[in-house]
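Enquirer: Can you read through this structure? Questions will come right after.
Readers should treat all values here as calculations from the given coordinates under stated rules, not as data from a laboratory. Keep in mind that this is a model prediction, so the values were computed, not measured. Don't worry about glycine lacking a Cβ; one is built from the backbone with ideal geometry, like all the others, and counts go over all protein chains shown.
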Amino acid sequence: MSEAKFVEIPKAYNPDSVEDKWRSYWEAHKLYHSEIDRNKKPYTIVIPPPNVTGILTMGHILNNTIQDAFVRYKRMKGYNACWVPGTDHASIATETKVTDFLKEQGINKKDIGRDEFLKHCWEWTHKYGGIITRQLRKLGVSCDWERERFTMDPHYYSKVIETFVALYKKGLIYRGFRMVNWCPVSKSAISDEEVLFRQVNGKLWYLKYPVKESNEFIIVATTRPETMLGDTGVAVNPNDERYKDLIGKKVLLPVVNREIPIFADEYVEMAFGTGAVKITPAHDVNDYEMGKRHNLGCINIFNPDASTNKNVPADFQGLDRFDARKKVVDMFEELGLLHKVEDYTNKVGYSERGGVPIEPYLSEQWFLKMDELAAPALKAVEEGRIHFHPDHWTKTYAHWMKNINDWCISRQLWWGHRIPVWYHKDTNEIYCDVNPPEDIENWKQDEDVLDTWSSSWLWAHDVFTTKEEQQYYYPTDTLVTAPDIIFFWVARMIMAGLEFMGDIPFKDVYFTSVIRDMQGRKMSKSLGNSPDPLDVIDEYGADALRFSVLYLAPLGQDVLFSSEKCDIGRNFANKIWNAGRYLLMNAQSVELNDELKDKHLDFADKWIISRFQNTLRQINDAMDKFEINNAVKIIYSYVWNDFCDWYIEMSKSRLYSDNENVKSAVLTRALSLFEDMLRLVHPFMPYLTEEIWHLIKERKEGQSISISGFPEFNISLVDTGAEHEIQFVQEIVTAIRNIRGEMNIPPSRVIDVYIRGGQVTENEKNYIRKLGRVENIFNDKNLEKPKASASTVVSGSDIFIPLEGVIDLEVERQRLQKDIDRLQGSLAGVSKKLSNENFVNNAPPDVVAKEKQKKAGWEDKLSKLNVMLDDLR
RNA sequence: GGGUUCUUAGCUCAGUUGGUUAGAGCGUCUGCUUGACGUGCAGAAGGUCAGAGGUUCGACUCCUCUAGAGCCCACCA
């Protein structure tokens with residue numbers, strides 16, 4: 001207990017060294033590794049695996065902070081908490097990056113071949129794969145890193161293949177020649193969910209098609225004139241009088257000189273454009289359907305990269321689709337067949353990855369039938385076996401599940417799980433199994449890989465590698481994820497869980513907020529409006545970032561974020577730090593004695609103990625309801641307002657007294673309460689709390705606040721009497737401070753206070769003196785009002801503060817008048833209510849009684865204030 | 001076009017099943033080297049709860065409509 005240690009505690013909390021220290025401590029002691037333990041209930045979370053080559057975003061910060069808060073909370077509550085981390089191979093995203101990287105070096109993917117390319121992918125994965133998990137660690141997440149998984153791990157890989165084979169053999173997977181969303185950049189099909197629609201300011205071109213054997217033209221409107229090269233018909237509405245005579249006739253398609261029919265179909269809207277539609281079955285979903293209905297030809301005019309192919313006239317071949325568009329339009333203009341051009345805004349589907357408009361494209365793909373899988377998955381949520389938080393996502397989910405289309409699961413890529421299907425070289429027979437056919441030389445394996453999501457949909461169960469583990473840890477408890485992958489991932493995981501495990505994959509799904517910038521725009525690379533989380537951690541500390549983000553992110557609402565908002569968390573961390581500093585500094589001179597922890601209790605102690613219990617109850621309640629943001633606010637207010645502003649301040653009057661036993665008791669108790677408080681804070685601010693917890697006393701190697709248990713609610717410690725007593729003291733102190741403030745009386749000037757009313761205990765007086773900077777307190781039922789004093793009314797007592805020579809009567813009058821005005825307003829309201837017979841007769845008696853009580857109290861106060869005001873005249 | 005969420009203090013947001021004198025943080029103003037903290041302490045100002053109807057004894061809260069914002073879904077060329 002030397003002076004030296006005194007100065008060892010810095011004035012401001014500095015997270016830098018602290019965070020690294022405890023992170024390595026936790027990892028070295030494997031504190032967050034979980035093994036099957038039949039004596040404990042498991043609490044399991046699987047991380048939404050980030051893209052292996054990605055970097056940490058603010059979205060990840062929020063998402064993982066929430067998971068960590070849940071996991072730490074449950075771990076402290078005695079659950080066998082297991083948080084499985086990992087990354088996703090992100091087939092298309094990674095392949096795009098590697099392809100681009102190779103291209104920069106002049107290497108073409110096709111030239112080096114599949115095996116060589118995959119080597120590069122693995123190299124890339126190993127090089128960049130660790131980045132995001134390292135970044136995640138800085139946040140202080142309590143993942144079980146020994147369980148880290150990757151969706152291309154050998155075990156996981158084989159599970160994906162097994163799953164494909166099982167579904168194929170069950171008849172749920174089929175191969176079909178279909179129109180799919182084609183991404184010309186990755187040259188692969190993508191699923192409906194990977195198409196993003198954007199408003200595009202484009203044009204509507206009106207093209208004149210000459211009708212055969214006549215001088216007439218039929219004018220069609222199109223947003224994509226280049227597709228006319230593949231037109232095989234022109235459609236009109238059967239009820240359209242304008243075109244009645246043309247139905248059945250032929251058009252001589254300009255440029256390509258092909259004869260195509262004019263036909264009628266209900267689909268055509270008469271009001272749009274000219275009411276006549278050019279039909280390109282190979283490059284438009286609707287046209288494809290119509291083509292089938294009317295037996296039209298189907299001419300594919302594009303190569304996989306969306307350049308024009310040999311099915312178009314020679315001088316149009318090999319053009320990019322946008323160049324082809326220009327050339328077609330020019331040609332029409334030259335021929336005098338361009339009727340007009342209008343500005344037109346419409347929605348165009350873009351490839352999520354490629355960032356270019358998708359091309360509806362006919363190709364052979366693998367599909368997974370969804371009906372059979374979706375039905376039970378919908379039921380699980382509708383029946384409440386799985387809960388969504390916030391609940392309204394259930395509706396969105398149900399809507400999607402009821403309108404679901406088959407899932408295109410094949411991708412024309414190499415990085416991923418290769419489809420376990422072989423075609424016989426001679427007979428074209430299909431073979432599907434986990435192992436290749438024995439006479440492999442006669443077979444050729446399908447070139448495609450599976451959609452990333454058709455591997456990650458197994459995540460909730462296949463991260464566990466043995467039957468025993470699956471039995472113990474599955475179903476997992478809580479899934480925390482962003483709402484934008486509800487269809488990509490959440491829905492499909494539910495399907496997979498029910499199909500392959502016969503049980504739901506998780507009980508609760510917490511949909512996080514979307515983090516936006518202060519203008520409400522989504523964080524994005526191109527806008528450059530996303531702060532780098534690592535910079536924020538460097539500047540504010542991980543705890544501050546975690547706390548701020550939780551504080552700002554209510555369940556179900558988007559969050560407007562900028563890094564300055566982390567002031568909240570940093571200031572809070574500093575506040576806790578200094579509360580600890582105060583107690584520990586006093587522990588230098590005051591002896592701690594555990595035997596006195598429950599001795600010399602006064603109402604302030606009983607009050608804070610009671611407040612702690614109520615806070616604990618509220619936190620438990622909020623956490624159970626998945627209202628983390630609420631839990632955080634409750635803690636904040638307890639720590640700052642109750643513990644620091646009042647309890648610590650009150651403790652001073654006794655800590656600086658002469659009674660050694662009292663001092664000992666007060667400090668021991670305060671430290672114990674402080675330690676309990678740290679436990680409440682720990683799930684949200686793990687580093688800071690761990691640091692102070694170790695400063696409080698020497699701990700054994702391997703001990704940690706994170707496994708020290710969570711306080712348990714004890715109703716017998718709730719003390720309403722003490723809470724009322726404190727309230728009285730607080731009101732008087734606040735009234736005194738208010739007068740000081742309004743009268744501009746500096747704290748350095750001590751004052752006396754006269755309390756006319758019920759008896760004030762010595763104990764209460766002590767606190768009032770200390771907190772109000774009061775010298776003498778006079779208390780009696782029949783006190784005379786001292787001359788030239790400021791006055792007010794608190795809890796039925798009249799308060800007078802003599803201010804001879806200082807008081808400004810005009811200011812005092814205004815102050816009282818303000819109170820009176822406010823009271824009269826309230827009183828008018830309650831009087832009106834009580835004079836309404838309907839209210840008195842219909843409202844519940846306790847409500848009426850409460851109103852009457854209010855009224856009586858206010859009337860009393862009002863008349864007293866009026867007397868005081870009169871006194872000043 | 002369908003669905004969904006939202007509109008409360010200058011800003012960002014709380015407000016649980018209808019009954020409060022409508023709250024917090026930031027910002028603003030005033031005072032303060034108060035024996036943990038100026039990343040702090042004390043005090044103050046600031047709101048017709050988007051608008052209009054309705055239900056009710058009583059509406060920020062429930063219902064309808066209107067206006068505005070966000071998100072998701074949808075094949076109008």
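Enquirer: Toward the positive end of the charge dipole of chain A, about the Cα centre and with charges on Cβ (Lys, Arg +1; Asp, Glu -1), which of A:N181, A:V760, A:I486 goes farthest?
Expert: Positive-end residue among those listed: A:V760.
Enquirer: DSSP beta bridges in chain A, what fraction antiparallel, as a percent rounded to 5?
Expert: Roughly 70 percent of the beta bridges in chain A run antiparallel, per DSSP.
Enquirer: Return one number: the angle in degrees, 0 to 90 and rounded to the nearest 10, between the long axis of the Cα atoms of helix A:393-402 and the longest principal axis of the Cα atoms of chain A.
Expert: So the inclination is approximately 20 degrees.
Enquirer: What is the count of Lys pairs in the stretch A:52-165 whose alpha carbons sit under 16 Å apart, if the two are 8 or more places apart or on different chains?
Expert: Here the count comes out as 8.
Enquirer: Now, a different point. Rank the residues A:R669, A:R546 as a footprinting-exposure proxy: fewest other Cβ atoms within 10 Å of their Cβ go first.
Expert: So the residues, fewest neighbours to most, are A:R669, A:R546.
Enquirer: Another question, if that's okay. Taking the Cα centre of the stretch A:543-585 as the origin and placing charges on Cβ (Lys, Arg +1; Asp, Glu -1), which of A:M585, A:F572, A:L550 is farthest toward the positive end of the dipole?
Expert: Result: A:M585.
Enquirer: Whole Å is fine, so just give me how far the alpha carbon centre of the stretch A:10-57 lies from that of the stretch A:118-191.
Expert: Comparing the Cα centres of the stretch A:10-57 and the stretch A:118-191, I get a distance of 24 Å.
Enquirer: Continuing with this model, one more query. Non-local amide H neighbours of A:I299 (under 5 Å, H modeled in plane, Pro and chain starts lacking H): which ones?
Expert: A:A282
Enquirer: Ranked from highest to lowest mean number of other Cβ atoms within 10 Å per residue, what is the order of the peptides A:581-588, A:392-399?
Expert: Packing proxy ranking, top to bottom: A:581-588, A:392-399.
Enquirer: Would you mind giving the three semi-axes, in whole Å and largest first, of the ellipsoid equivalent to chain A according to its Cα gyration tensor?
Expert: 70, 37, 24
Enquirer: Could you tell me the distance between the Cα centroids of the stretch A:819-870 and the stretch A:570-593, to the nearest Å?
Expert: About 45 Å separates the Cα centre of the stretch A:819-870 from the one of the stretch A:570-593.
Enquirer: Hey, what do the phi angles of the stretch A:448-458 turn into as Karplus ³J(HN,Hα) couplings, whole Hz, using 6.51/-1.76/1.60 and θ = phi - 60°, x for Gly and Pro?
Expert: Rounded to whole hertz, the list is 7, 10, 8, 3, 3, 5, 7, 10, 6, 6, 9.
Enquirer: Still on this structure: Work through the residues other than A:D819 whose Cβ is under 12 Å from its Cβ and net out their charges, Lys, Arg +1 and Asp, Glu -1.
Expert: Overall, the nearby charge balance is +3.
Enquirer: Using alpha carbons only, how many angstrom separate the centre of the stretch A:745-812 from the centre of the stretch A:428-444?
Expert: The two parts, judged by their Cα centres, are 96 Å apart.
Enquirer: Given Cβ point charges of +1 (Lys, Arg) and -1 (Asp, Glu) and nothing else, what value in debye, to the nearest 20, does the dipole of the stretch A:49-106 about its Cα centre take?
Expert: With Lys and Arg at +1 and Asp and Glu at -1, about 480 debye.
Enquirer: Something else now. Please give the per residue volume of the convex hull enclosing the alpha carbon atoms of the stretch A:707-866, rounded to a whole number of Å³.
Expert: For the stretch A:707-866, the hull spanned by Cα atoms encloses 187 Å³ per residue.
Enquirer: 222 nm [θ] for chain A, helices only, -39500 (n - 2.57) per DSSP H run of 4+, per residue, to 500?
Expert: Rounded to the nearest 500, the figure is -13500 deg cm²/dmol.
Enquirer: If I take all pairs of Cα atoms in the stretch A:328-401, what percentage of them are more than 14 Å from each other?
Expert: It works out to 79 percent of all Cα pairs.
Enquirer: Could you order peptides A:671-680, A:315-324 by the average number of other Cβ atoms within 10 Å of their residues, highest first?
Expert: For the peptides A:671-680, A:315-324, the packing ranking is A:671-680, A:315-324.
Enquirer: In degrees between 0 and 90, to the nearest 10, how far off the longest principal axis of chain A does helix A:542-552 point, with axes built from Cα atoms?
Expert: Between the helix axis and the principal axis of chain A, the angle is about 90 degrees.
Enquirer: Moving to a separate point now. So, in nm, how far is label A:D558 from label A:S524 when the simple model puts each one 7 Å beyond its Cα toward the Cβ?
Expert: Inter-label distance under the simple model: 1.2 nm.
Enquirer: Right, here's the next one. Remind me, what semi-axes does the stretch A:13-77 give for its equivalent ellipsoid, largest first in whole Å, using sqrt of 5 times each Cα gyration tensor eigenvalue?
Expert: For the stretch A:13-77, the semi-axes come out at 23, 19, 12 Å.
Enquirer: Search the structure for amide H atoms under 5 Å from the amide H of A:V251, placed 1.01 Å from N in the peptide plane, and list their residues when 5 or more places away or on another chain.
Expert: Sorted by chain and number, the residues that satisfy this are A:K212, A:I260, A:I262.
Enquirer: Where nothing but the Cβ of Lys and Arg (+1) and of Asp and Glu (-1) is charged, how large is the charge dipole of the stretch A:106-200 around its Cα centre, in debye to the nearest 20?
Expert: 140 debye
Enquirer: Sort A:48-58, A:240-250, A:450-460 for me by packing, meaning the mean count of neighbouring Cβ atoms within 10 Å per residue, highest on top.
Expert: Averaged packing, sorted descending, gives the order A:450-460, A:48-58, A:240-250.
Enquirer: Could you go through the stretch A:698-712 in sequence order and give the Karplus-derived ³J(HN,Hα) for each residue, using 6.51 cos²θ - 1.76 cosθ + 1.60 with θ = phi - 60°, rounded to whole Hz, and x for Gly and Pro?
Expert: 4, 10, 5, 4, x, 6, 7, 4, 5, 10, 9, x, 9, x, 10
Enquirer: Could you give the dipole magnitude of chain A about its Cα centre, charging the beta-carbon of Lys and Arg +1 and that of Asp and Glu -1, in debye to the nearest 20?
Expert: 1260 debye
Enquirer: Using the Kirkwood radius over Cα pairs, work out the Stokes-Einstein diffusion coefficient for the stretch A:616-663 at 20 °C and 1.002 mPa s, in µm²/s as a whole number.
Expert: Reported coefficient: 173 µm²/s.
Enquirer: Considering only A:H283, A:S664, A:G202, whose Cα is most displaced toward the positive end of the charge dipole of chain A, charges sitting on Cβ of Lys, Arg (+1) and Asp, Glu (-1)?
Expert: A:S664
Enquirer: Next question, about the same structure. For the stretch A:113-198, what log10 I(q)/I(0) values come out of the Debye formula at q = 0.12, 0.14, 0.21, 0.26 1/Å, with one point per alpha carbon and no solvent?
Expert: -0.69, -0.92, -1.19, -1.19
Enquirer: For the stretch A:621-734, what is the largest minus smallest coordinate of the Cα atoms on each principal axis, given in angstrom and ordered from greatest to least?
Expert: 41, 36, 26
Enquirer: A:K11: which lysines have alpha carbons under 21 Å from its alpha carbon, excluding same-chain residues fewer than 8 sequence positions away?
Expert: Filter leaves A:K21, A:K575, A:K652, A:K697.
Enquirer: Once you compute Rg and the Kirkwood Rh from C-alpha atoms, what is the Rg to Rh ratio for the stretch A:455-576?
Expert: Radius of gyration relative to Kirkwood radius: 1.09.
Enquirer: Hey, can you grab everything whose amide H is under 5 Å from the amide H of A:Y350? Only 5+ residues off in sequence or another chain; H modelled, so Pro and N-termini drop out.
Expert: Placed amide hydrogens put A:L196, A:F197, A:R198, A:I358 under 5 Å from A:Y350.
Enquirer: Sticking with this one: Output the 0 to 90 degree angle, nearest 10, between the alpha-carbon long axis of helix A:321-334 and the longest principal axis computed from the alpha carbons of chain A.
Expert: 60 degrees
Enquirer: Please turn the phi angles of the stretch A:373-378 into ³J(HN,Hα) values with the Karplus equation 6.51 cos²θ - 1.76 cosθ + 1.60 (θ = phi - 60°), one per residue in order, whole Hz, x for glycine and proline.
Expert: Each residue of the stretch A:373-378 in turn: 7, 6, 4, x, 5, 5 Hz.
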